[in-house]
Amino acid sequence: MAEAEKSEAQDVITLKVEFTGGLEMLFSNIKEHKLSLPAKDEQDKATTVNYLVDYLCKKVMKDRRKELFVQDGTVRPGILVLINDADWELEGEGSYELQPEDNILFVSTLHGG
Amino acid sequence: MPPSICAVCHANRAVILRPKNHAKLCKLCFIQTFEDEIHDTILSNKLFSHGERIAIGASGGKDSTVLASVLKTLNERHNYGAELLLLSIDEGIKGYRDDSLETVKRNAEQYDMPLTIVGYDELYGWTMDQVVEQVGKKGNCTYCGVFRRQALDRGAAMLGVKHVVTGHNADDVAETVLMNLLRGDLPRLSRATSIITSTPSASDSELTNIRRSKPLKYAYEKEIVLYAHHKKLDYFSTECIYSPEAFRGSARALIKNLERIRPSAILDIVRSGEDMAKLVPGATNDSCGGNCATGGALAVTGEEEGEGGCGSTGGRTAGGDMAQMESQLRNNEAAEAAGLEMEVPSRAPAAEGRNGSSENRKQLPFRREKNAPKQQTMGKCERCGYLSSQAICKACMLLEGLNKSRPRTSIVGVDAMR
């Protein structure tokens with residue numbers, strides 16, 4: 001938010017993306033990913049969490065079972081998304097505009113013990 | 001979006017949106033509120049008595065880890081005077097349970113609670129790996145569920161503990177309510193919604209009268225996961241290797257979709273389930289035969305409660321359950337269209353047919369209601385002494401089948417013999 005000007009100066013933003021609660025299984029069993037995303041999308045708009053989710057599906061996820069991560073164009077119900085530790089519902093969900101060094105955490109609640 | 005401020009302390013940044021009431025809370029206020037609500041559940045349902053020894057059914061997963069952590073905190077904060085122990089079941093599944101048991105061992109140290117691990121191999125002479133080798137991956141969850149239910153009671157009896165708490169949460173209960181409604185299984189609906197169940201019987205076997213309770217019954221799975229996250233609890237999460245797709249196409253998915261639309265739906269289903277259970281004839285505590293310690297929300301529980309459950313929380317249903325239900329409903333519709341009587345087909349495992357209950361199972365739901373559901377009369381299994389409504393309990397029936405075929409397979413694979 002206050003850092004919005006900072007991201008304009010760069011064309012890429014770096015993020016820490018984490019998967020826990022069993023979700024890491026879909027991402028080569030790696031829990032923590034350092035990603036660099038373009039600061040603007042094809043329409044020259046700031047990249048959002050929706051962009052990130054799409055990017056994760058297309059570029060990061062090697063598992064073919066995409067439906068275990070996304071459903072109806074958004075993160076599957078039962079998977080929590082935390083943006084810098086806050087519920088993404090408090091941050092505008094998928095339309096949240098990514099900021100440099102953001103920490104995005106995806107936690108599955110669907111797995112048993 | 002401007003940062004939201006916590007609705008309780010009005011100072012810190014809100015990071016949690018509570019599913020039950022949309023309250024926005026900061027991390028510390030959320031942890032406090034979550035613990036207070038569990039405390040309220042324990043008090044208002046009189047779950048614990050002072051000085052009680054309580055075994056926590058621990059799998060290393062999020063629910064039981066949060067349960068152990070919260071109970072330790074509350075026990076110290078509110079002076080319950082409870083002696084808390086960890087009780088784990090080792091189903092004997094390599095690459096799954098052995099890993100999660102490592103987590104439980106760490107929890108035992110972290111929470112300073114003694115840990116007991118009871119294995120299927122020592123109780124039944126079979127690990128789940130061996131069972132799967134024998135019966136295949138299909139239907140093995142039935143064995144696991146039946147064995148687990150008894151195993152917890154047997155473990156508790158070994159420890160001389162009369163009370164076992166499990167990590168069943170609101171999502172689990174809501175899912176079970178839906179499944180039992182769809183099945184038309186009224187007695188089980190009543191048992192599944194009770195926060196306390198007990199296993200009373202006329203006999204005084206040490207395996208009977210072990211209370212089960214679910215202190216997290218009104219806690220959302222979402223909040224349990226967030227509590228674990230914000231308290232940085234050490235838990236294990238993976239899917240059982242024998243039901244890797246268990247969370248797909250299940251009643252669970254339906255619950256989660258409902259939550260996405262209207263989060264309060266989960267607690268609404270739990271409450272509706274409780275209200276409907278009250279209407280089930282004969283499901284009141286007079287069926288406890290005077291053995292019940294507490295009145296109110298107590299229900300008699302049968303050996304089959306954990307049946308079919310996979311995952312350490314017994315309420316979880318195996319994948320494809322919903323699909324099965326749908327095809328059943330389609331068949332019913334077809335039958336109705338053809339002017340036939342509607343019947344709820346039995347979904348009971350094959351073993352059931354043999355113990356003579358097939359007749360009851362085929363009864364029409366309507367008729368059943370008029371005559372009141374058949375009460376389980378509890379006796380002892382002739383073979384193992386476990387509580388059973390039949391002469392031979394379900395675990396012994398399943399074991400008989402397994403042991404019968406064992407010599408045959410041993411010709412092929414020596415590995416099956418131990």
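Residue A:103: open to solvent by 10 Å² or more (accessible area, probe 1.4 Å), within 14 Å of chain B (Cβ to nearest Cβ) and polar (S, T, N, Q), yes or no? Spell out how you get there, then give the answer.
Working: open to solvent by 10 Å² or more (accessible area, probe 1.4 Å): yes; within 14 Å of chain B (Cβ to nearest Cβ): yes; polar (S, T, N, Q): yes.
Yes, satisfied.
Mind listing just one residue for me: the one in region A:66-98 that is of a type in the set (Val, Ile, Thr) and within 20 Å of residue B:6 (Cα to Cα) and, of those, nearest to the other protein chains (Cβ to nearest Cβ)? Show your work before the answer.
Residues of region A:66-98 that are of a type in the set (Val, Ile, Thr), as a first pass: A:70, A:74-75, A:79, A:81, A:83.
Adding the requirement that they be within 20 Å of residue B:6 (Cα to Cα) leaves A:81, A:83.
On the way: A:81: 11, A:83: 9 Å.
Checked region A:66-98; the qualifying residue nearest to the other protein chains (Cβ to nearest Cβ) is A:83.
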Worksheet item: Residue check, residue A:20 against (1) on the phi > 0 side of the Ramachandran plot; (2) of a type in the set (S, T, N, Q); (3) crowded, with 18+ Cβ neighbours inside 10 Å, all met but one. Which one?
Response: (1)
Worksheet entry | Index of the failed condition, residue A:94 passing every other in (1) surrounded by 21 or more Cβ atoms within 10 Å (Cβ to Cβ); (2) more than 19 Å from residue B:255 (Cα to Cα); (3) of a type outside the set (S, T, N, Q) | (1)
Worksheet item: Is it true that residue A:64 is among the charged types (D, E, K, R), modelled with pLDDT under 95 and exposed (fewer than 14 other Cβ atoms within 10 Å of the Cβ)?
Response: yes
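The values are calculated or read from the model by the stated rules, or taken from the named source; none is laboratory data. The structure presented is a predicted model; accordingly, all values stated were derived computationally and were not measured. Note: ideal-geometry Cβ built from the backbone for every residue, glycine included; neighbour counts use all protein chains shown. In case anyone asks, the SASA skips ligands and DNA or RNA and just uses the protein heavy atoms, side chains included. Shrake-Rupley method; radii C 1.70, N 1.55, O 1.52, S 1.80 Å.
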